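Report on the following structure.
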Amino acid sequence: MASKSRWSISLREADEAPAAEVSKNHGVSEQTIYTWSKRFDAMNAVDIWHLH
């Protein structure tokens, strides 16, 4: 599973670039970017960091 920092970096990049480009840059599937976005988009960086 990806690290917390990877989630937050990828989601920030996905706000500004196409999901296909971000997924390619981070070695994850485009669907993973969409899933992370759906799951974590409403959270801020501190909330994500506190997930276990």
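At a glance:
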read-out: Sites Asp47 and Glu16, calculated FRET efficiency, Cβ-Cβ separation with R0 22 Å, nearest 0.05; value: 0.60
read-out: Under 13 Å, Cβ to Cβ, from Val22 - net charge with Lys/Arg +1 and Asp/Glu -1; value: -2
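Coordinate-derived values only; no laboratory data. A quick note: this is a predicted structure, and the numbers were derived from the prediction, not measured. In this analysis, Cβ positions are derived from the backbone assuming ideal geometry, glycine residues included, and neighbour counts consider all displayed protein chains.
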